[in-house]
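Right, I'll just put the structure down here and ask away after.
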Amino acid sequence: MRTTIKKQMVTKMLVGVGVIALLTSCVNDQSDKKYDDAIDIPVNQEMIAELTAPPMVPTPVGKRMAKKLIVDLEIQEREGEMTSGVKYVYWTFGGTVPGSFIRTRVGDEIEFHLKNHPDNKLPHNIDLHSVNGPGGGAESSFVAPGHEKVFSFKVLNPGLYVYHCATAPVGMHIANGMYGLILVEPEGGLPPVDKEYYIMQGDFYTEGKYGERGLQAFDMQKAIDENADYVVFNGHVGAMTGDNAITAEVGETVRLFVGNGGPNLVSSFHVIGEIFDKVYVEGGDLVNENVQTTLIPAGGAAIVEFKVEVPGTFILVDHSIFRAFNKGALGMLKVQGEENEKVFAGEIYDGIYLPEGSVIQSMPTSGGAKKPKEEIKALSFEEKMKFGKDKYMATCVACHQANGQGIPGAFPPLANADYLNDDVTRAIDIVLHGKSGEITVNGKKYNSVMTAQALSDEDVANVLTYVYNSWDNNKTNVTPEMVKAVRNR
Amino acid sequence: MKFLSTALLLVFSLFYEVNAQNNNMALVEGGVYLPLYGTEDKLVKVDPFLMDIHPVTNEEFVKFVKENPRWKKSNVKRLFADKSYLNSWTSDTTFTGIKNAPVNNVSWFAAKNYCECQGKRLPTIDEWEYAAMANKDVPDARRIKSYNQYILNWYETPKTFNKPVGSTFKNYYGIYDLHGLVWEWTEDFNSVLISGESRKDVDKDANLFCGSAAIGASDLMNYAAFMRFAFRGSMKARYSSQNLGFRCVSDLKN
């Protein structure tokens, strides 16, 4: 089955190459001509722009001539999931956050059709940073619900640009997800690479705090205070982890088009375990090499490229690191292929080292004057499992992994784990108060730190019940009373 | 004596309620207020007026269309209503949705004529904004956080148009649904210039009715108002929208 698909793809590609070859063979002599001013680049033929949802990007422009490019983008206000159990009403360009990726080349004349779906409540517009003109097109594209606006512009400057909605209140439209990227390739296209992906960071402000269940409204006050509840890649927590991870093979060069929609926070974009061979700084012409972390301003972008030398899971983060592990700014690149011990040999020694005075850090508790909204309590075992799973996916999965398998040598497994099953009181205590120092789980030694978790009794009971009733564990049902007893010891 | 006055008051208020319900209008006492695009020295005076307590419903509008065939969807002049006029209606006189939900997809011309046929008129922006500052308890709730959050939440909630009128809160004046079901036409909806380039609109040069007040608009109340003004600015008189209805007002007769 797989081979047939591959075969088909190969044939399609061959046909594609043939078509391109044909096209190039009969193109006019313009290809040799250089233009000092991009304004003078003539366009021939019309083409409907290919638009893609993240993390995919459209086909590279290659050697094609400048064209009249028709972009057809629909604005949709729709409900989506921020993280498991948390709903949010997103405002979108093309139905996704970030909006559809637009790929153009210098000299293209873009005829932009902006459509505001009749179900929408609000007027919208679009400001493309790649436009030379007032408002970046915002004024010409202001469109009422149930209407369509058409405007056009010529792209003159190569680079990677943000587009966004600029209707009052601008901050709110952006905070709800109205941003995306438009790429303007230089003549002849960017140098070919093996894999290309589209990633955009954004911060979100909800009435309830991170992970609070139900439909969460936008919180204007938090947005003004720049106090984000979620900082995510591609619109929601987990958009690029687990099954949604982006992939590559060992030896391939990966190019990421990384944007930052904001509205408020700048991103310290970093891939754990990789060094960017090339960064097109701020999406422009300047190329920096051998970069660990690149700063991406709100309303800005960067192109990063790196060759993956060894297999494994590489974590993409905003290295303002609490955003990654506590607010969702975490993605994954899974690389398959042969190990290369010359590049990375893995663990070669594990000894004992006991310094004095290591202390467990604790998370802030919600013991302030402000009483939080009463939480939704699980009424049945099924609900307990569901809530527990949501909490696990929001809080524990980064270390203990989706199926409780942990990470060998770093984070102990929870799946069929003797250390867990032997003592439920100890497990509750670790969740509440954290743990450091050496422990032995299923015959393997681990020596790392787990921080104390700021979870309610209800949350702890749910998440532990989920863990105990998954992955061949002993099916203990942990109650809030048990948690309370340990907390009050 | 005290008993008597209480009884009197009771009877009076009962009479008033009944009276108000008969013509389905409520009195909005006039006053001065500071509009979104105003500055401290530009307080606007609003004279007392009567306002429909509900938006005009599907049922009421069908009756109007039957009496005034030129407003039938098949007859209407394109100059006065674009293609989306009564878009969801399956025939000239059959609406979809529930009968006492606010009518939507009507143009400004149609709304204006509806009110005129009732001996009423569309409210001005100032009248509408003035009446809509009220929550349940006070005439100007714009500085109350929960009130603004309620409005912003509504703006974010899709598809609220097909709910019966009167299903949101009754405000200080006894008026329902100013926030929560549909946007509403106003007589002079396009008099405040929103160019579509909202960042330019905060420029001091554009000093029509706008002012520097908008620059520091971090108050939640301004955000809610911004969205209404942006919506109005995006419309033309022949446009119609699924989330846009209307209600009428009339002057006090002396």
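The values are calculated or read from the model by the stated rules, or taken from the named source; none is laboratory data. Treat the numbers as computed from the prediction; the structure is a model and nothing was measured. Every residue, glycine among them, receives a Cβ derived from its backbone with ideal geometry; neighbour counts consider all protein chains shown.
Residues B:Thr124, B:Thr90: which one is under 23 Å from B:Arg232 (Cβ atoms) and among the β-branched types (Val, Ile, Thr)?
Details: B:Thr90 fails: under 23 Å from B:Arg232 (Cβ atoms).
From the options B:Thr124, B:Thr90, the qualifying one is B:Thr124.
If you don't mind, another one. Can you name every residue in segment B:29-54 that is modelled with pLDDT under 95 and among the aliphatic types (A, V, I, L, M)?
B:Val32, B:Leu34, B:Leu36, B:Leu43, B:Val44, B:Val46
So which helices (runs of 4 or more DSSP H) stay within segment A:370-460 end to end and still have 1 or more residues that are within 24 Å of A:Gly328 (Cα to Cα)?
Working: elements: A:381-391, A:397-400, A:418-422, A:424-433.
Result: A:381-391, A:397-400, A:424-433.
Here is a further query. Taking B:Leu36 as the residue in question, decide whether it is in contact with a helix residue (DSSP H, G or I) (Cβ under 9 Å, 6 or more places away or on another chain), surrounded by 15 or more Cβ atoms within 10 Å (Cβ to Cβ) and not in a helix (DSSP H, G or I). If you could, list the steps in order and put the result at the bottom.
On the way: in contact with a helix residue (DSSP H, G or I) (Cβ under 9 Å, 6 or more places away or on another chain): yes; surrounded by 15 or more Cβ atoms within 10 Å (Cβ to Cβ): yes; not in a helix (DSSP H, G or I): yes.
When the stated conditions are applied, B:Leu36 passes them.
State all residues of segment A:148-173 that are more than 12 Å from chain B (Cβ to nearest Cβ) and closer than 19 Å to A:Phe257 by Cα; if no residue qualifies, say none.
Kept after step one, since they are more than 12 Å from chain B (Cβ to nearest Cβ), are these residues of segment A:148-173: A:150, A:152-163.
Selection gives A:Val155, A:Asn157, A:Pro158, A:Gly159, A:Leu160, A:Tyr161, A:Val162, A:Tyr163.
Determine, yes or no, whether B:Ala141 is surrounded by 22 or more Cβ atoms within 10 Å (Cβ to Cβ) and more than 14 Å from chain A (Cβ to nearest Cβ).
Working: surrounded by 22 or more Cβ atoms within 10 Å (Cβ to Cβ): no; more than 14 Å from chain A (Cβ to nearest Cβ): yes.
For B:Ala141, the condition - surrounded by 22 or more Cβ atoms within 10 Å (Cβ to Cβ) and more than 14 Å from chain A (Cβ to nearest Cβ) - is not met.
Which residue out of A:His113, A:His117 is surrounded by fewer than 22 Cβ atoms within 10 Å (Cβ to Cβ) and at pLDDT 95 or above? Break it down stepwise before answering.
On the way: A:His117 fails: at pLDDT 95 or above.
A:His113 is the lone residue from the list that is surrounded by fewer than 22 Cβ atoms within 10 Å (Cβ to Cβ) and at pLDDT 95 or above.
Can you name every residue in segment A:191-218 that is away from chain B (no Cβ under 14 Å), touching a residue at least 12 places away in the same chain (Cβ under 8 Å) and not in a strand (DSSP E or B)?
As a first pass, look at segment A:191-218 and keep what is away from chain B (no Cβ under 14 Å): A:191-203, A:209-213.
Applying the additional criterion that residues be touching a residue at least 12 places away in the same chain (Cβ under 8 Å) yields A:192-203, A:209-213.
Residues satisfying the conditions are A:Pro192, A:Val193, A:Asp194, A:Lys209, A:Tyr210, A:Gly211, A:Glu212, A:Arg213.
Looking only at residues in segment A:63-90 that are of a type in the set (Asp, Glu) and within 14 Å of chain B (Cβ to nearest Cβ), which one is surrounded by the fewest Cβ atoms within 10 Å (Cβ to Cβ)?
Within segment A:63-90, the first condition is being of a type in the set (Asp, Glu), and the residues that meet it are A:72, A:74, A:77, A:79, A:81.
Remaining after also requiring within 14 Å of chain B (Cβ to nearest Cβ): A:77, A:79.
Numbers: A:Glu77: 24, A:Glu79: 12.
It comes out as A:Glu79.
For A:His113, only one of the following conditions fails: (1) without any contact (Cβ under 8 Å) to a residue 60 or more places away in the chain; (2) within 13 Å of another protein chain (Cβ to nearest Cβ). What is its number?
(2)
Right, next: Of everything in segment A:402-443 that's of a type in the set (A, V, I, L, M, F, W, C) and more than 17 Å from A:Val463 (Cβ to Cβ), which residue is surrounded by the fewest Cβ atoms within 10 Å (Cβ to Cβ)? Don't jump to the end; show me each part of the working.
First, pick out the residues of segment A:402-443 that are of a type in the set (A, V, I, L, M, F, W, C): A:402, A:407, A:410-411, A:414-415, A:417, A:420, A:424, A:427-428, A:430-432, A:439, A:441.
With the extra rule that they be more than 17 Å from A:Val463 (Cβ to Cβ), the set shrinks to A:407, A:410, A:439, A:441.
Working: A:Ile407: 15, A:Ala410: 11, A:Ile439: 15, A:Val441: 16.
Top of the filtered list is A:Ala410.
Would you point out the residue of segment B:176-192, among those that are within 12 Å of another protein chain (Cβ to nearest Cβ) and at pLDDT below 90, that is nearest to B:Pro158 (Cα to Cα)?
B:Phe189
Right, something else. For A:Pro98, work out the one condition from (1) of a type outside the set (Asp, Glu); (2) within 14 Å of chain B (Cβ to nearest Cβ); (3) in contact (Cβ under 8 Å) with a residue 24 or more places away in the chain; (4) within 30 Å of A:Met240 (Cα to Cα) it doesn't fulfil.
All conditions are met except number (2).
Sort out which residues of segment B:144-167 are within 14 Å of chain A (Cβ to nearest Cβ), under 27 Å from B:Gly30 (Cα atoms) and surrounded by fewer than 16 Cβ atoms within 10 Å (Cβ to Cβ), and write them in order of number.
Scanning segment B:144-167 gives B:Ile144, B:Lys145, B:Ser146.
Can you give me the number of residues within segment B:72-88 that are crowded, with 21+ Cβ neighbours inside 10 Å and either away from every other protein chain (no Cβ under 14 Å) or over 23 Å from the mean Cα position of the chain (by Cα) (or both)?
1
Further, regarding this structure: Only one of A:Asn157, A:Asn132 is in a loop (DSSP other than H, G, I, E, B) and free of Cβ contacts under 8 Å to residues at least 40 places away in the same chain. Can you tell me which? Don't jump to the end; show me each part of the working.
Numbers: A:Asn157 fails: free of Cβ contacts under 8 Å to residues at least 40 places away in the same chain.
None of the others qualify; the one that does is A:Asn132.
Among B:Gly216, B:Gly211, which is the only one that is buried (at least 19 other Cβ atoms within 10 Å of the Cβ) and modelled with pLDDT under 75? Steps first, answer last, please.
Numbers: B:Gly216 fails: buried (at least 19 other Cβ atoms within 10 Å of the Cβ).
The conditions single out B:Gly211.
Only one of A:Gly242, A:Gly188, A:Gly171, A:Gly251 is closer than 30 Å to A:Glu109 by Cβ and either buried (at least 21 other Cβ atoms within 10 Å of the Cβ) or in contact (Cβ under 8 Å) with a residue 12 or more places away in the chain (or both). Can you tell me which?
On the way: A:Gly242 fails: closer than 30 Å to A:Glu109 by Cβ; A:Gly171 fails: closer than 30 Å to A:Glu109 by Cβ; A:Gly251 fails: closer than 30 Å to A:Glu109 by Cβ.
Unique residue meeting the criteria: A:Gly188.
Looking at the structure I just gave you, is A:Gln336 at positive phi and either modelled with pLDDT under 90 or surrounded by fewer than 19 Cβ atoms within 10 Å (Cβ to Cβ) (or both)? Steps first, answer last, please.
Details: at positive phi: no; either modelled with pLDDT under 90 or surrounded by fewer than 19 Cβ atoms within 10 Å (Cβ to Cβ) (or both): yes.
It is false that A:Gln336 is at positive phi and either modelled with pLDDT under 90 or surrounded by fewer than 19 Cβ atoms within 10 Å (Cβ to Cβ) (or both).
Here's the yes/no breakdown for (1) at pLDDT 95 or above; (2) small (Gly, Ala, Ser):
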| site | (1), (2) |
| --- | --- |
| A:Arg78 | no, no |
| A:Gly85 | no, yes |
| A:Thr104 | yes, no |
| A:Asn132 | no, no |
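All but one of (1) touching a Lys or Arg at 6+ places or on another chain (Cβ under 8 Å); (2) surrounded by fewer than 24 Cβ atoms within 10 Å (Cβ to Cβ); (3) within 7 Å of another protein chain (Cβ to nearest Cβ) hold for A:Phe142, so report the exception by its number.
Here A:Phe142 clears every test but (2).
Results for (1) closer than 30 Å to B:Tyr172 by Cβ; (2) out of contact with any Phe, Trp or Tyr (no Cβ under 7 Å at 6 or more places or on another chain); (3) surrounded by fewer than 20 Cβ atoms within 10 Å (Cβ to Cβ), shown as yes or no for each residue.
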position: B:Thr93; (1), (2), (3): no, yes, yes
position: B:Lys99; (1), (2), (3): yes, yes, yes
position: B:Ala111; (1), (2), (3): yes, no, no
position: B:Gln118; (1), (2), (3): yes, yes, yes
position: B:Arg121; (1), (2), (3): yes, yes, yes
position: B:Ile125; (1), (2), (3): yes, no, no
position: B:Trp128; (1), (2), (3): yes, yes, no
position: B:Lys136; (1), (2), (3): yes, no, yes
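Shifting gears a bit: Got a sec? Which of A:Val424, A:Val431 is under 26 Å from A:Thr313 (Cβ atoms) and in contact (Cβ under 8 Å) with a residue 24 or more places away in the chain?
On the way: A:Val424 fails: under 26 Å from A:Thr313 (Cβ atoms).
Result of the check over A:Val424, A:Val431: A:Val431.
Mind telling me which of the residues B:Thr94, B:Thr57 ends up being at pLDDT below 95 and within 27 Å of B:Ser167 (Cβ to Cβ)? Talk me through it step by step, then tell me what you get.
Details: B:Thr57 fails: at pLDDT below 95.
Going through B:Thr94, B:Thr57 in turn, the sole match is B:Thr94.
Let me ask another. Please verify whether segment A:178-185 includes one or more residues that are within 8 Å of chain B (Cβ to nearest Cβ) and either closer than 20 Å to B:Arg228 by Cβ or not basic (Lys, Arg) (or both).
Going through segment A:178-185, the residues within 8 Å of chain B (Cβ to nearest Cβ) turn out to be none.
Checking segment A:178-185: not a single residue is within 8 Å of chain B (Cβ to nearest Cβ) and either closer than 20 Å to B:Arg228 by Cβ or not basic (Lys, Arg) (or both).
Give the residues of segment A:461-489 that are assigned to a helix (DSSP H, G or I), surrounded by 15 or more Cβ atoms within 10 Å (Cβ to Cβ) and either without any contact (Cβ under 8 Å) to a residue 12 or more places away in the chain or among the aromatic types (Phe, Trp, Tyr) (or both), sorted by residue number.
A:Tyr466, A:Tyr468 - these are the residues of segment A:461-489 that are assigned to a helix (DSSP H, G or I), surrounded by 15 or more Cβ atoms within 10 Å (Cβ to Cβ) and either without any contact (Cβ under 8 Å) to a residue 12 or more places away in the chain or among the aromatic types (Phe, Trp, Tyr) (or both).
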